[in-house]
Amino acid sequence: MVFSRKQVFSALIFCLFLVSCSPPKVQMSKFMTNKTASPRSVAILPFTLDESIKETELPHIIFREVFYNNFSYLGYNDMALDEVDQKLHHAGVQIENASKLRYRELQEILGVDAVILGHILEANNFTGGLHAETLLHAKIEMLDLKTGNSLWEVDHTEMSYAGIASPTIVDIIQEQVENAKVNQAYHKSAEMFSQRVISQIPDPAGGRLGEAQLPTISSIETNIHPNQKLKPADKIYVSMRGQPKLNATFDIGSWKTSIPMKEVSPGLYTGSYVIKNGDTVLNAFIIGTLKNTKGLASKKYFKTALATTER
């Protein structure tokens, strides 16, 4: 059987799409099962870019910021990126060389239990003809600065396509216009990469409940379902159960944050957000937050479905 060039190309794109959609495989270290080795304070070092990448849009900077925004929802005491950079600068360390320091040097400079290293192996943004794609291939690792042990690492490729499966010429043109905005395209891929990884990383909040007396959240539910495309006037309804008489909010990823919730009965909190014209959100987690009077907060993801609006 002889296949046409178009059939071969379409099959190749489909295979690549399946690979890019597969979840990342986070390799967990045996040290993560040791509670005494579990880090509490974490700094995300400046991400690095492979020398082979001739990209002028600095995807490693975009990726680091996006990853930090997602990682901050976990129960670690994470150091702000500006503070990390300032400490490295005051220590005379060039940003691009931070990941090359020995773990004891990093602990002395930053004063944290662990650091996250990120290295982009491949980054590409292409728009042409009826096809557009953005590729982000990176390796991320958490390093324990007390022992020098790797706690977890992931090597993943995130790839997004536009045009191939678009039903109309209008959709194809719109997707290519969006993909031509390189920074936005890398931000989109970095957001998907980060959310996939964060969903597999152990959240230390649960193990610190007794020690820090964090608020407890037993469940979070929403009315959105997998593959749903939200339209203007659609309402995202969120309910959360936890300790009573506390302050509750929910986030729609990093797009809309601190949306208030009301305690309608002891320990049951509800809140909602109505999609407006012009709202654009892609694959965002719904995250509930419960905060006590001491300012201590717990967070819980709703992982069954992600919030996505129609284009």
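Here are a few things to note about the model shown:
- Breaking point among (1) charged (D, E, K, R); (2) at pLDDT below 85; (3) under 30 Å from SER41 (Cα atoms), for LYS181: (3)
- So VAL281, is it in contact with a Phe, Trp or Tyr (Cβ under 8 Å, 6 or more places away or on another chain), assigned to a loop (DSSP other than H, G, I, E, B) and not assigned by TED's automatic domain parsing to the domain that holds LEU151: yes
- Flag if LEU45 is modelled with pLDDT of 90 or more and within 27 Å of GLU191 (Cβ to Cβ): yes
- When region 262-307 is filtered for residues that are in contact with a helix residue (DSSP H, G or I) (Cβ under 7 Å, 6 or more places away or on another chain) and of a type in the set (Ser, Thr, Tyr), nothing remains.
- Of everything listed in (1) β-branched (Val, Ile, Thr); (2) surrounded by 19 or more Cβ atoms within 10 Å (Cβ to Cβ); (3) under 15 Å from ILE61 (Cα atoms), the single unmet condition for VAL112 is (3).
- For TYR161: the one exception among (1) surrounded by fewer than 16 Cβ atoms within 10 Å (Cβ to Cβ); (2) modelled with pLDDT under 75: (1)
- When SER258 is tested against (1) loosely packed, with under 15 Cβ neighbours inside 10 Å; (2) under 30 Å from LEU135 (Cβ atoms); (3) in contact with a Phe, Trp or Tyr (Cβ under 9 Å, 6 or more places away or on another chain); (4) not β-branched (Val, Ile, Thr), only condition (2) is not met.
- If only residues of region 113-139 that are modelled with pLDDT under 95 and among the β-branched types (Val, Ile, Thr) are counted, the one that is farthest from ALA185 (Cα to Cα) is ILE120.
- The set of residues in region 74-92 that are buried (at least 19 other Cβ atoms within 10 Å of the Cβ) and over 22 Å from the mean Cα position of the chain (by Cα) contains only LEU88.
- First in region 264-287 and more than 14 Å from THR309 (Cβ to Cβ), second anywhere and assigned to a loop (DSSP other than H, G, I, E, B) and charged (D, E, K, R), Cβ under 9 Å, 6 or more apart: PRO266/LYS245; GLY267/LYS245
- Residues that are within 27 Å of LEU296 (Cα to Cα) and either surrounded by fewer than 18 Cβ atoms within 10 Å (Cβ to Cβ) or outside the structural domain of PHE302 (by TED's automatic domain parsing) (or both) occur in region 116-134; there is at least one.
The values are calculated or read from the model by the stated rules, or taken from the named source; none is laboratory data. In this text, all values refer to a predicted model and were calculated from it rather than measured experimentally. With ideal geometry, Cβ positions are generated from the backbone for all residues, glycine too; neighbour counts draw on all protein chains shown.
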